[in-house]
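Inspection log for the structure reproduced underneath, given as C-alpha cells.
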Amino acid sequence: MRVRRVAMIPLFISMLFLAHGPAAATQTAQAPALRTPDVIYVPTPHEVVEGMLKLAKVGPNDVVFDLGSGDGRIPIAAVKNFKAKKAVGVDINPERIKEAEANHATAGVGDKVKFILGDLFEQDISEATVITLYLLPSLNVKLMPKLKAELKPGTRIVSQSFDMMGQWEPEQTITVDGRAVYLWTIK
C-alpha cells in the first residue's frame, strides 16, 4: 500500500498539536525557534499576573525580567499597572515574540517594555530587580545557579505553580485563582 506524503502533513500537524498544544503546531508550521522550547506556551491568567507582581512588590524602581514571556502580559502589566521603571520579556519562540510585540503596540507603555527573542539560559539578567517565571520545576532548578550568580542581593523571584523542587525553599507562598505563587529573594 502506498501512502501519499501530502496527506501525511495535516496528520503530522494534528498529532503535534495533540501532543504539545497549539504553540508547537504553530511553531512547526511557521518560523522555527532558536531551539525547541522547553515548555509549551500556556498563558498566565491576568489575576495570577497581578498576584505575582504584588507578591514581588513591583514598583517604580524595579526592572522586571519575565523569562519565558509568551504574549508579554507580565512585562506589560509590570509597567502599566505597577509603574515598573522597565520590563523585559525573553522568549525563544518567534511567534510568542510577535504576539508580545503586537500586545505591546496597543498597551500604551512606550519604550519601557521590550521583548527579546532569545534563550533564557543565555540571556544577561543582571539588570533585573524582579524575575518572573512560569516554567517546570526541573527548569527552575536548572536556572537556579544562574539566578544566584547573576542577580544582585534583594532581587525578588516569583514563580507561578512551580517551586525549586525542595532545593531552594520559597520565603512566601500564596494562592491566586487556585494557583500557587512562590517568592524567593537573592541574599
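Bear in mind these aren't lab numbers, they're just calculated from the coordinates by the rules spelled out. What you see is a predicted model, and the numbers here were worked out from it, not measured in a lab. Reconstructed Cβ throughout: ideal geometry from the backbone, glycine too, with neighbour counts over all protein chains shown.
How many times 2.2 N^0.38 Å is the alpha carbon radius of gyration of the stretch 97-187?
Values: Rg = 14.4 Å, N = 91, 2.2 N^0.38 = 12.2 Å.
That ratio works out to 1.18.
Using θ = phi - 60° and the Karplus form 6.51 cos²θ - 1.76 cosθ + 1.60, what ³J(HN,Hα) does each residue of the stretch 142-150 get, whole Hz, x for Gly and Pro?
Along the stretch 142-150, the couplings run 5, 7, 3, x, 5, 4, 5, 7, 9 Hz.
Beyond 17 Å, what percent of the Cα pairs of the stretch 87-146 remain? Write down the numbers at each step before the final one.
Values: 792 of 1770 pairs.
Percent of Cα pairs beyond 17 Å in the stretch 87-146: 45.
Using unit Cβ charges (K, R positive; D, E negative) and no other charged atoms, how large, in debye to the nearest 20, is the dipole of the stretch 46-185 about its Cα centre?
Details: 17 positive and 19 negative charges, 82 e Å.
It comes to approximately 400 debye.
Which entries in Lys54/Lys187; Lys80/Lys152; Lys54/Lys98; Lys80/Lys114 show an alpha-carbon gap greater than 22 Å?
On the way: Lys54/Lys187 20 Å; Lys80/Lys152 25 Å; Lys54/Lys98 27 Å; Lys80/Lys114 13 Å.
Where the Cα-Cα span goes over 22 Å, the pairs concerned are Lys80/Lys152; Lys54/Lys98.
DSSP loop (so not H, G, I, E, B), at most 16 other Cβ within 10 Å: list which chymotrypsin sites (Phe, Trp or Tyr not before Pro) in the stretch 84-187 pass both filters. Can you show the working numbers first?
Working: sites: Phe115, Phe121, Tyr134, Phe162, Trp168, Tyr182, Trp184; in loops: Phe121, Tyr134, Phe162, Trp168.
Of the chymotrypsin sites (Phe, Trp or Tyr not before Pro), the ones in loops of the stretch 84-187 whose Cβ has at most 16 other Cβ atoms within 10 Å are Phe121, Trp168.
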